[in-house]
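Student: Submitted below is the structure of interest, expressed as structure tokens.
The values are calculated or read from the model by the stated rules, or taken from the named source; none is laboratory data. Here the structure is a predicted model, which is why all the values come from computation and not from measurement. As a convention, Cβ positions derive from the backbone with ideal geometry for all residues, glycine included, and neighbour counts pool all protein chains shown. Note: accessible area is taken over every heavy atom of the protein model, side chains too, but ligands, DNA and RNA are not part of it. Shrake-Rupley method; radii C 1.70, N 1.55, O 1.52, S 1.80 Å.
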Amino acid sequence: MKLLLDFLPILLFFGAYKLYGIYVGTAVLMGATVVQMAIIYAIDKKLTTMHKATLALILVFGTLTLVLQDERFIKWKPTVLYTAMAIALAVALWGYGKNFLKMMLGSQLALPDFVWNRLTVAWVLYCLFMAAINGYVAAYFSTDAWANFKLWGYVFPVAFIIGQGIYVARHIQDEPAIDAPPGGST
């Protein structure tokens, strides 16, 4: 269900783009993302920093696209988002010694620190790759090709997440049982 919710705005954008063009597609993307975030907020009672950044960038770049009637803004939004994510993760890890992934997901996954660090490096590289590939397609291909890439390019995050799941599964540490008395057996 979560993957469908994540995929819904881009699917609606693609449909609106194919039927009515980039500007209607952009407006649909903006509205669908607002609805998506409202649903996430209703379910989780909060939005992550990533959700907020995504929403803000879609609204800002979408508004610029619509007001200035310039499709370049919406096409470059993913590059800006992925680059910002890569910089934030890298600066936090190597500049401040903080691991944002562990801070966000550490309560859900028990992993050794070296695994969290490798995951963060993988995310930095993945974000830089996605920023570069989107930037390349946005700069050198037609808007139609870029829209197709946005839809079919979802193979990259799906493959990345599956790869991470396989890697993480090998390193998940068992949590100590809450009912177990300290020191072992009784």
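Student: Hey, what number do you get for the chain at 222 nm if only DSSP H runs of n ≥ 4 count, each worth -39500 (n - 2.57), divided across all residues, to the nearest 500?
Tutor: -25500 deg cm²/dmol
Student: Also: For the chain, give the percent of accessible area contributed by carbon and sulfur heavy atoms, probe 1.4 Å, rounded to a whole number.
Tutor: After summing per-atom areas, the C and S share lands at 70 percent.
Student: Moving on. Grab the other residues whose beta carbon is less than 14 angstrom from that of Ala84, score K and R as +1, D and E as -1, and report the net.
Tutor: +2
Student: Here's something else I'd like to know. Can you give the extra length, in nm with one decimal, that the chain gains between Ile166 and Tyr136 once fully stretched, where that is 0.36 nm per residue apart less the Cα-Cα distance?
Tutor: 7.9 nm
Student: Heavy-atom accessible area of Leu105 with all protein chains present, probe 1.4 Å, nearest 10 Å²?
Tutor: Result for Leu105: roughly 60 Å² accessible.
Student: Suppose we keep just the alpha-carbon trace of the chain; what are its Rg and Dmax in angstrom?
Tutor: Both quantities, over Cα of the chain: 19.4, 73 Å.
Student: Right, next: With a 1.4 Å probe and every protein chain left in place, work out the accessible area per residue of the chain in Å², rounded to a whole number.
Tutor: 60
Student: Pairs to check: Lys2/Lys46; Lys2/Lys98; Lys52/Lys150; Lys18/Lys75; Lys18/Lys52; Lys46/Lys98. Give those whose C-alpha atoms are more than 18 Å from each other in this structure.
Tutor: Distance filter (> 18 Å) returns Lys2/Lys98; Lys52/Lys150; Lys18/Lys52; Lys46/Lys98.
Student: Once you list every other residue whose beta carbon is under 15 Å from the beta carbon of Gly25, what net charge do they have if Lys and Arg are +1 and Asp and Glu are -1?
Tutor: Combined, the nearby Lys, Arg, Asp and Glu give +2.
Student: What order do Ser142, Ser107 take when sorted by accessible area (1.4 Å probe), most exposed first?
Tutor: Ser107, Ser142
Student: Net charge within 12 Å of Ser142 by Cβ-Cβ distance, Lys/Arg positive one each and Asp/Glu negative one each, not counting Ser142 itself?
Tutor: -1
Student: Continuing with this model, one more query. Have a look at region 1-86 and give its Rg and Dmax from the Cα atoms, expressed in angstrom.
Tutor: When restricted to Cα atoms, region 1-86 yields Rg and Dmax of 12.7, 36 Å.
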